[in-house]
Every structure is written in C-alpha cells, then in structure tokens.
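First comes the structure, then the notes that go with it.
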Amino acid sequence: MKSKRKNRTYSKVSLATLVGLFFSFTACKKEEVIISPPVAGSEFMTTIKLRFENKSNPQDTTWAIWRDLTPDDQNTPDTSGAIINLDINKIYKVSVKILDETKSPSEDITEEIREKGNFHFFTFFKTGGISSNLTIVATDFDTNPTPFHIGLENEFTTNGTISTGRLEGVLRHQPNTKNGTYAPGNTDVDVFFTLNIK
Amino acid sequence: MKKNIIAFIVLLSSVFSSIGQEETFNKYFIGINGGYSALLGNAIKGDYADSSSGFANSNGVNLGLEGGYFIKKNFGFAAVISTNSFSSNGLQALSDGFQEDFEVDSITLTASGKYSMYNFFVGPIFSYPKGKFIFNAKVLGGLVYAVTPEYKVDIEDQLEATFYQRAASASTFGLQTSLSINYLLTDNISLKLGVDCIYTKPNFSIINENRDANVGRKITEYHQVFTSLNTNFGISYSFGK
C-alpha cells in the first residue's frame, strides 16, 4: 500500500517536473540589440529669419536675419541683418523661418520643422533693457496628446518704454521628451538678435 | 472554416469507425514531440509603416506533450499541450524607422522575449493501424495563450527619452489539425512523425511606456491571425490493453 502511494506521488512529481521543464524551456528570454548608426548627409540650419508684421498695420512688415553659412563654425556668423526695430505700444505677429542656404537653391526647412513639431520647440530669451518691456507668446501648437507650443508663430507685444536688448532664439530637438519647456533634448539652433524698442 | 472542420470530423468518424473488427488494443497513449514551425501571416511582416507588421521570424520551433484515450481501436479523444515560439526579425527596419521619425543620430533597439503560443487543445483522434505503422488524424480545439516580445528604444544619449513597447499577452480560442505516422518499435513504444497546422487570432492590448509624444510607430493593439505550420518528430507510449 505504501509503495503504491509512493509510486503515484513519484508519477505526479515526475509529470509536474516534465511540464515545468517544458514551459521553462520555451520561456527562455534572449535579448537582441539593434543599433541604427548616424546617417551621412544632414541638413544644415544656416539661416534664421524673423518676420515682424504689425497687427494694426499689416503693411508695416520688417525682417531680421541671422546667417552662418559655415555649419562647422569656421567663420563667425553674419549678424549684419540681425537687428530688430519695433515701435512702442504695438503688437507684432512674428514668424520664424529656417533655411539651409548651403544648398542651391536654398532649402526652406520651416515646414519640415513644423510637421515635426511634436518633438521640436522654438523659444526666445530676452536680456537687457527689453526684458520687462517686451512680452512674447507662442501661438502655434503641436499635435501631441497634451499640445505644446512649437514656437514658429508668435506674438510680440511692446509696452511704452524705449529700450534696447538682446533676443536669443533657440530651436530645441526634444525626441520623446517635449514638455513645453526649454530643458529636455538638445539644441539644433541658437541665434542672437539685437532688438530695439523705439 | 468551422463547417469544413465539422464535415471533416463526420467523414473521418464514419470512415474510421467502420474499419476492422474489434480486437485488443492499447487504450491509452502519451507522447512527446518537437520540431520546426513556420509562421504565416502579417505577423512576419517587417514594414515599419504598416501597423499590421509583427516583426516575427517566420522560422520557429515547437514542442508538445500529448495523450489520449481510444474508445474504439480507430477512434478516441486526445489532448495536447504544446508551444510554438518565434523570435523577432527585421528589427533593423524598426530601429531605422524610429531613428528617421525622431530625427536623431542614433537609436538602440533592444528586443527581449519572443512570440510564443502555449496551446491547450482537446478533440477527436482517428487512427488507422497498418502493420507496424499507425496513421493518425486529429482535429482539436481549445485555449491558446499567446505572448509578444518586448522592445526597448534608447534615443542617442537622452536617458529620459527611452521608451518601451511592453510585452503583451492574450488568451483566445485556437484550432489544430494534424496528421501523423507512428512506427511501432515495440507493442507499446513508437516513433512519431507528424505535421500539423494551428490557427489562432489573439487580441493583444499593448502598453507603451514613456511614449508621451505623437511621434513614430506606436502600436496599442495587435489583432492578427497567427497560422503556424509545424513538423514534429517524437516518441509515443501506448498502454492499457
């Protein structure tokens, strides 16, 4: 009797062991690592143009241009056109255009950035006298589940104080990290303009 | 599909139940087998832009345990516990796709786990012994527990951007048809060579972790047919005369 019980128990344990080994064999995890390396032939963002349109007088339009045609920074950027003159107590619709002027004809990559706005963010920083006399609000949004500004379309509002300062424009590349702030990601473009409020 | 299977069962029942006189036969059998599996369908596609692509390898393996009881010499019921597994394939295209969509210099994609199906089937078995050979046919149905692999994507050197397509599991109904030939080594022990086809359509609900942005391929559910053609070799033990 005891040996029969032992045999049944032994059979159950053997079967359980077999089934366990069976599933553990098939559950073996194996990692496979794939790397996508850098691809040659990038686009360069050589030129940043800011277009200022006076909202109360659309004919009153001005441009400012920052240009660096040597992407490897061999030469200093051309800032001869990077001067902005705004009137006091005005509201301006401001558009950012980004070009690659190493190509002939030059390539406007603004729309490409806009289409990829879910992981790009253009933002401005003010320093000097304009800091408290100029308000900047982005007006365009991306299509993320929580929409964030892209920053290619903005509204600049000047108050009644004449002042001068520096305007910095930065394009941030934020793949899968965009949260509406400057912090995440890397800088694609970092440009400077002189801005006068008269 | 279901009408064809029912007709097949009825035909086999009428054919096999009329064969031969009643004589002593082994009522029970158990066996183990394994072999090569070929996966068909969209699961083996590797097109990044196509959401039906599963990036599964079309070549895999199968392993199975079976057992059964013969009511008559030619007819009985069988149960099968088996598994098919397929690794990932075409992951370079998946990685390159993410690299292009996120516009980054480099991406590292790590795949862990496999497409695995754990099958628990029961159904009728039809048997035709001829000398040392026994020809068997089975039509089974039951539960399939299926699992997908997991993908981790690291973006350049941005640790906070790492995201995951987590492994998913689904339980669903599956069907198996099989044909096999057993060669009797002794009255009880035989070698088995078989082919079978397993059909199932699991409905995976997929969790993506740290995918806050609408960028790149993002699969939240995967509901495709998995058809596996299997060849297997094994050993069987019959008893209970």
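The values are calculated or read from the model by the stated rules, or taken from the named source; none is laboratory data. Computed from a predicted model, the values in this text were never measured in an experiment. For neighbour counting, all protein chains shown are included, and Cβ atoms are generated from backbone atoms with ideal geometry for every residue, glycine included.
May I ask you to verify whether A:F122 is under 13 Å from the mean Cα position of the chain (by Cα) and part of a strand (DSSP E or B)? Steps first, please.
Values: under 13 Å from the mean Cα position of the chain (by Cα): yes; part of a strand (DSSP E or B): yes.
For A:F122, the condition - under 13 Å from the mean Cα position of the chain (by Cα) and part of a strand (DSSP E or B) - is met.
Could you check B:V225 against (1) in contact with a strand residue (DSSP E or B) (Cβ under 9 Å, 6 or more places away or on another chain); (2) within 30 Å of A:N118 (Cβ to Cβ) and say which number it fails?
(2)
From (1) touching a strand residue (DSSP E or B) at 6+ places or on another chain (Cβ under 6 Å); (2) modelled with pLDDT of 95 or more; (3) within 12 Å of chain B (Cβ to nearest Cβ), pick out the condition that doesn't hold for A:G165.
So the condition that A:G165 fails would be (3).
The rows are residues; the columns are (1) away from every other protein chain (no Cβ under 14 Å); (2) of a type outside the set (G, A, S); (3) touching a Gly at 6+ places or on another chain (Cβ under 7 Å).
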residue: A:T135; (1), (2), (3): yes, yes, no
residue: A:T139; (1), (2), (3): yes, yes, no
residue: A:N144; (1), (2), (3): no, yes, no
residue: A:P147; (1), (2), (3): no, yes, no
residue: A:I150; (1), (2), (3): no, yes, yes
residue: A:R172; (1), (2), (3): no, yes, yes
residue: A:N196; (1), (2), (3): yes, yes, no
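Report, by residue number, each residue of segment B:176-195 that is of a type outside the set (S, T, N, Q) and touching a Leu at 6+ places or on another chain (Cβ under 7 Å). Walk me through it before giving the result.
Initial filter on segment B:176-195 (of a type outside the set (S, T, N, Q)): B:179, B:181, B:183-185, B:187, B:189, B:191-195.
B:I181, B:Y183, B:L185, B:L191, B:G194, B:V195, listed by residue number.
Inspect segment B:39-47 for any residue being surrounded by 21 or more Cβ atoms within 10 Å (Cβ to Cβ) and either farther than 30 Å from B:A161 by Cα or modelled with pLDDT under 95 (or both) and give the result as yes or no.
Looking through segment B:39-47, at least one residue is surrounded by 21 or more Cβ atoms within 10 Å (Cβ to Cβ) and either farther than 30 Å from B:A161 by Cα or modelled with pLDDT under 95 (or both).
Return the residue satisfying two criteria in turn: it lies in segment B:112-127 and is buried (at least 17 other Cβ atoms within 10 Å of the Cβ) and more than 13 Å from every other protein chain (Cβ to nearest Cβ), and of such residues it is nearest to B:G90 (Cα to Cα).
The selected residue is B:F121.
Return only the number of the condition from (1) modelled with pLDDT under 95; (2) in a loop (DSSP other than H, G, I, E, B) that A:E112 does not satisfy.
Of (1) modelled with pLDDT under 95; (2) in a loop (DSSP other than H, G, I, E, B), only one is false for A:E112: (2).
Every residue, every condition in (1) touching a Ser or Thr at 6+ places or on another chain (Cβ under 6 Å); (2) modelled with pLDDT of 95 or more, yes or no:
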position	(1), (2)
B:F135	no, yes
B:T148	no, yes
B:Y151	no, yes
B:D157	no, no
B:A167	yes, yes
B:G174	yes, yes
B:N203	no, yes
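Out of curiosity, is A:N89 under 18 Å from A:N196 (Cα atoms), surrounded by 18 or more Cβ atoms within 10 Å (Cβ to Cβ) and at pLDDT 95 or above?
So A:N89 fails the test.
Can you tell me which residue is nearest to the other protein chains (Cβ to nearest Cβ) among those in segment B:154-206 that are crowded, with 16+ Cβ neighbours inside 10 Å and among the basic types (K, R)?
Filtering segment B:154-206 for residues that are crowded, with 16+ Cβ neighbours inside 10 Å and among the basic types (K, R), the one nearest to the other protein chains (Cβ to nearest Cβ) comes out as B:K192.
Could you say whether any residue in segment B:91-108 is buried (at least 21 other Cβ atoms within 10 Å of the Cβ), aliphatic (A, V, I, L, M), in a strand (DSSP E or B) and in contact (Cβ under 8 Å) with a residue 12 or more places away in the chain?
Yes, segment B:91-108 contains at least one residue that is buried (at least 21 other Cβ atoms within 10 Å of the Cβ), aliphatic (A, V, I, L, M), in a strand (DSSP E or B) and in contact (Cβ under 8 Å) with a residue 12 or more places away in the chain.
Counting residues that are closer than 17 Å to B:F86 by Cβ, which strands (runs of 3 or more DSSP E) fully inside segment B:128-215 reach at least 2?
Passing ranges, in order: B:133-147, B:150-155, B:169-184, B:189-200.
Looking only at segment A:149-198, which residues are assigned to a loop (DSSP other than H, G, I, E, B), small (G, A, S) and closer than 27 Å to B:D105 by Cα?
Across segment A:149-198, the qualifying residues are A:G151, A:G180, A:A183, A:G185.
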